[in-house]
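Data first, discussion second: the structure below is written as structure tokens.
The values are calculated or read from the model by the stated rules, or taken from the named source; none is laboratory data. Because the structure is predicted, anything quoted here is derived from the model rather than measured. Here the Cβ positions follow ideal geometry from the backbone for every residue, glycine too, while neighbour counts run over all protein chains shown.
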């Protein structure tokens, strides 16, 4: 029972926060709505016994990423409505229509039964292929998973981080490159 | 309550055995750039003249050579996360050889455009991106595939934008980055839904995910799976640039530095197409009834958009971009044909890759002439938005009209270009003829006659596209003198190699068809 109540409250906060991100005119408020949404998602993870994921959600998303957002907003000085180029009405309509279409598609995937009838419907039966993991020690599970089954993606992520670093450095450093050639006359 | 505890028995960890030998082509491509960036930061004298280019081309060719030694291997690696078979090896070979050719094209492009300071970074990003492509081709796990695609694409976003003084390149990089990020999101959503339906991200387990604890087969019984497949299809279609997900292609191909355009049109596209085929065949083979109609629609739209819209273009880089969309149509036909099409897919990918590298390479070399008199500088000023900038890379603005008299100004390059264009058009005695023939025969063998008909029609229309360029070079000649060209010898070697392969394999295609036989798993 308590699970249902906690789920209901956090789900409302998740959705409310998400709507706040989209609807609030003030970028800082939008970023803070995002924090609310992220923290409520962390609560949902806790209900699912995924404690480590909840921790990462709070530290990385609720903490680091939103702080970065706020930094960018402040550095660019776009913390007022009039600083923003708000989308055209037609863009808003197109966004809403495509958003609803996508929502409909996902709902169809979840709730419309496939060729196998209701029994094959994951959302209705709650059964997926693999057995649920014993969640009492999800950190150990995670460690084991990273160093066994998911070793290759873990290693490949190292390449991703390398290009992110090199790419960021070269794009910033580049701006004062070789002044012997003519510079672009911007504006 | 969170409990931290040490693992009672560390031996319980079954760490996968790393098959160093079989992975070595991939490891060379991934570690060579790391070595390069380390060495060049410690030893500054490493950064001189063509040394980084030779290093990159050498490492890529070494990777290709090691790939060739593995030829008869066919097994799973790293606990089934990667696989090495003929399909993988052909893909690795195309990517590795492609990177070597691109590095040679980049050779004095970087210097001429004034980015010598960054020459190491261009090469490093190129090689790491290619390593991502090699992961994509070999992936047997959707998570590995996703990380591979991201390595491949994110490095490419940076490469497109590395020409920092060229606003059109910045615009292209940003467009590619935003659209690419959205398509990656759609793709990841598809993976999540497929995982939700089957409980696994391994291609083999998805295909035979068998029955869950309720005795149901989620693969056959779930609509969640269909939505997941559709989303992944959309993500792949964007990455290969298939219509109607192609709208980024002309803009990005035009704006990107020309050697990088060649890289995107060859290695990146081939890696994505082979990953696409692998997932569709190995994981979703049972669903072919559901996804084949979608792939055939993508193929027809790509064939039509590539050839017809291409005819309306004036800019050469945009014409070649539409031609690459047209080629994707043929590649999709081969994917549509399932097992019957695997050989056609590999043959087309291989022949297409070096033809397109050569084409963009020649386009770039035609603009690499000795500095001309100051009076013509005004012609190089172009208007982009409100900004008047010096067009540093004139290949971006090159139109059909600019080619008039090219046969006199660049007799050698125009001749090579004509051969490559004939190959793209599918003229007999070039490799492009055999590639198109195989794709159409694959469609016929699965009784997709309508698809084969569209392919023939599009090939004819696209032939006009290529012939217009040849006509512009040879028939609209003015009385121009041979230009004093100033391109790198290495670039010329790469382009000539592409042309020799095109003609050689066109007359005697057996080596390449032997290479791709029995590639179906």
Quiz item: Has segment B:130-140 got any residue that is assigned to a loop (DSSP other than H, G, I, E, B), in contact with a strand residue (DSSP E or B) (Cβ under 6 Å, 6 or more places away or on another chain) and crowded, with 24+ Cβ neighbours inside 10 Å?
Solution: yes
Practice problem: Please verify whether segment B:208-215 includes one or more residues that are more than 8 Å from chain A (Cβ to nearest Cβ), crowded, with 24+ Cβ neighbours inside 10 Å and either closer than 22 Å to residue A:164 by Cα or at pLDDT below 95 (or both). | Solution: no
Quiz item: Would you pick out the residues in segment B:471-495 that are under 21 Å from the mean Cα position of the chain (by Cα) and under 20 Å from residue B:425 (Cβ atoms)?
Solution: B:495
Self-check item: Close pairs (7 angstrom Cβ cut-off, 6 or more residues apart or separate chains): outside any helix (DSSP H, G or I) in segment B:44-58, surrounded by 14 or more Cβ atoms within 10 Å (Cβ to Cβ) and at pLDDT 80 or above anywhere
Solution: B:47/B:40; B:47/B:119; B:47/B:120; B:50/B:107; B:50/B:490
Self-check item: segment B:38-61, residues that are in contact with a helix residue (DSSP H, G or I) (Cβ under 9 Å, 6 or more places away or on another chain), closer than 16 Å to residue A:166 by Cβ and exposed (fewer than 14 other Cβ atoms within 10 Å of the Cβ)
Solution: B:39, B:41
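Conditions tested, residue by residue: (1) at pLDDT 85 or above; (2) in a strand (DSSP E or B); (3) closer than 28 Å to residue B:166 by Cβ.
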{"position": "B:388", "(1), (2), (3)": "no, yes, yes"}
{"position": "B:414", "(1), (2), (3)": "yes, no, yes"}
{"position": "B:435", "(1), (2), (3)": "yes, no, no"}
{"position": "B:442", "(1), (2), (3)": "yes, no, no"}
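When you look at residue B:90, is it crowded, with 24+ Cβ neighbours inside 10 Å, modelled with pLDDT under 95, more than 14 Å from chain A (Cβ to nearest Cβ) and closer than 26 Å to residue B:354 by Cβ, yes or no?
yes
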Quiz item: Can you name the helices (runs of 4 or more DSSP H) wholly within segment A:25-114 that have at least 1 residues being over 29 Å from residue B:228 (Cα atoms), touching a strand residue (DSSP E or B) at 6+ places or on another chain (Cβ under 8 Å) and at pLDDT 85 or above?
Solution: none
Quiz item: Here are some residues: B:462, B:452, B:483, B:494. Which one is part of a helix (DSSP H, G or I), in contact with a helix residue (DSSP H, G or I) (Cβ under 6 Å, 6 or more places away or on another chain) and farther than 17 Å from residue B:352 by Cβ?
Solution: B:452
Self-check item: Conditions (1) in contact with a helix residue (DSSP H, G or I) (Cβ under 7 Å, 6 or more places away or on another chain); (2) in a helix (DSSP H, G or I); (3) away from chain A (no Cβ under 14 Å): number failed by residue B:71
Solution: (2)
Quiz item: Condition test on residue B:115, is it without any contact (Cβ under 8 Å) to a residue 60 or more places away in the chain and within 14 Å of chain A (Cβ to nearest Cβ)?
Solution: yes
Quiz item: Between residues in segment A:12-30 that are without any contact (Cβ under 8 Å) to a residue 24 or more places away in the chain and residues that are surrounded by 15 or more Cβ atoms within 10 Å (Cβ to Cβ) and not in a helix (DSSP H, G or I), which pairs lie under 6 Å by C-beta distance while being six or more apart or on different chains?
Solution: A:30/A:24
Quiz item: Of B:495, B:503, B:516, which residue is farther than 20 Å from residue B:403 by Cα and either at pLDDT below 90 or crowded, with 20+ Cβ neighbours inside 10 Å (or both)?
Solution: B:516
Practice problem: Filter segment B:137-150 down to residues that are touching a residue at least 40 places away in the same chain (Cβ under 8 Å) and closer than 15 Å to residue A:163 by Cβ, then give me how many there are. | Solution: 2
Quiz item: Do the conditions hold for residue B:64, that is, is it part of a helix (DSSP H, G or I), within 21 Å of the chain's Cα centre (by Cα) and either surrounded by fewer than 24 Cβ atoms within 10 Å (Cβ to Cβ) or away from chain A (no Cβ under 13 Å) (or both)?
Solution: yes
Quiz item: over 19 Å from residue B:95 (Cα atoms), touching a helix residue (DSSP H, G or I) at 6+ places or on another chain (Cβ under 9 Å) and either at pLDDT below 85 or surrounded by 24 or more Cβ atoms within 10 Å (Cβ to Cβ) (or both), is that true of residue B:188?
Solution: no
Self-check item: Where residue A:119 falls short, out of the listed (1) modelled with pLDDT of 60 or more; (2) farther than 30 Å from residue B:134 by Cβ; (3) assigned to a helix (DSSP H, G or I); (4) at the interface with chain B (Cβ under 7 Å from one of its Cβ atoms)
Solution: (1)
Quiz item: Within segment B:156-172, can you find the residues that are touching a residue at least 60 places away in the same chain (Cβ under 8 Å) and either in a loop (DSSP other than H, G, I, E, B) or facing chain A (nearest Cβ under 9 Å) (or both)?
Solution: B:159, B:162, B:163, B:165, B:166, B:167
Self-check item: Residue within segment A:172-180 that is facing another protein chain (nearest Cβ under 7 Å), at pLDDT below 75 and assigned to a helix (DSSP H, G or I) present
Solution: yes
